[in-house]
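Below is one structure, written out as structure tokens, with a few remarks after it.
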Amino acid sequence: MAGFFKKLFTKFSRSSRIDWEELEAELVAADIGIRRAMGIADQLKESKGLDAENLVESTREVLRRAFPSTAPSLPVPPEGKPLVILVVGVNGTGKTTSAVKLAHLLQKQGSRVLLAAADTFRAAAVEQLQSWADKLNIPICKGAPGQDPASVCYEAHTQAIREGFQYLICDTAGRLHTRHNLMEELSKIRRTLAKQDASAPTAPCW
């Protein structure tokens, strides 16, 4: 969430007061869930001595307490099928780098991982994922520019099953919860994957 904190600093550090509605909007846009965003905003409002100058550090601390100290482990891949992870979230929250970091972690643990470059409409998104995959020697399945993201995920899923990969991590386009068409695109990806595995995607990752 480095970009989120940078945005907070830029927006509030030069102000003499905190605009709470604007802060709530930034928390919601950070894609941590509306309930959690509202809860964090309420906690910050109750903080003593909080001002625009120390807002970023206070927000960082409240967020740190809001999440578990140890990350939950991923389910074991089903027999003969890859565990499918969709990486979703709003623009600029680090989905692509998070997908690669997770793939690298699983790879270091001895698992076979395939990346799917399904963010086919953002300029250079596929190239960004390809660059990281090349550096870390992680296999990648990518479609043509502008290709339907669901078809890219389907092709990657087919490859993962055929070649015995244990994990398939699909990097998808950024979207806000209010963008109905983009949210429907995620549903389409899920329906497409279900043609080969009714349980896929096994794990969403925000």
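Test Thr97 against the stated conditions and say whether it is within 30 Å of Ala198 (Cα to Cα) and loosely packed, with under 12 Cβ neighbours inside 10 Å.
It is false that Thr97 is within 30 Å of Ala198 (Cα to Cα) and loosely packed, with under 12 Cβ neighbours inside 10 Å.
Per-residue answers, yes or no, for (1) crowded, with 19+ Cβ neighbours inside 10 Å; (2) touching a Leu at 6+ places or on another chain (Cβ under 7 Å); (3) at pLDDT 90 or above; (4) farther than 20 Å from Glu155 by Cα:
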| site | (1), (2), (3), (4) |
| --- | --- |
| Leu102 | no, no, yes, yes |
| Gly110 | no, no, yes, yes |
| Val113 | yes, yes, yes, no |
| Val126 | yes, no, no, no |
| Pro139 | no, yes, yes, no |
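Evaluating Ala117 against the criteria (1) under 28 Å from Lys7 (Cβ atoms); (2) over 18 Å from the mean Cα position of the chain (by Cα) leaves one unmet condition, (2).
Taking the conditions exactly as written (modelled with pLDDT of 75 or more, on the phi > 0 side of the Ramachandran plot and not hydroxyl-bearing (Ser, Thr, Tyr)), does Gly80 satisfy them or not?
Details: modelled with pLDDT of 75 or more: yes; on the phi > 0 side of the Ramachandran plot: yes; not hydroxyl-bearing (Ser, Thr, Tyr): yes.
The answer is yes for Gly80.
Filtering segment 150-159 to residues that are open to solvent by less than 50 Å² (accessible area, probe 1.4 Å) and closer than 19 Å to Val113 by Cβ leaves Val152, Cys153, Ala156, His157, Thr158, Gln159. When Thr97 is tested against (1) farther than 19 Å from Cys170 by Cβ; (2) among the hydroxyl-bearing types (Ser, Thr, Tyr); (3) under 18 Å from the mean Cα position of the chain (by Cα), just one condition goes unmet, and that condition is (1).
Screening segment 59-86 for residues that are touching a residue at least 60 places away in the same chain (Cβ under 8 Å) and under 16 Å from the mean Cα position of the chain (by Cα) and picking the one that is surrounded by the most Cβ atoms within 10 Å (Cβ to Cβ) gives Val84.
Leu115 meets the conditions (1) at positive phi; (2) in a strand (DSSP E or B) in every case but one. The failed one is (1).
The values are calculated or read from the model by the stated rules, or taken from the named source; none is laboratory data. Quantities reported herein were computed from a predicted structural model and do not represent experimental measurements. Cβ coordinates were reconstructed from backbone atoms using ideal geometry, including for glycine residues, and neighbour counts include every protein chain displayed. What goes into the accessible areas is simple: the full protein's heavy atoms, side chains included, and nothing from ligands, DNA or RNA. Shrake-Rupley method; radii C 1.70, N 1.55, O 1.52, S 1.80 Å.
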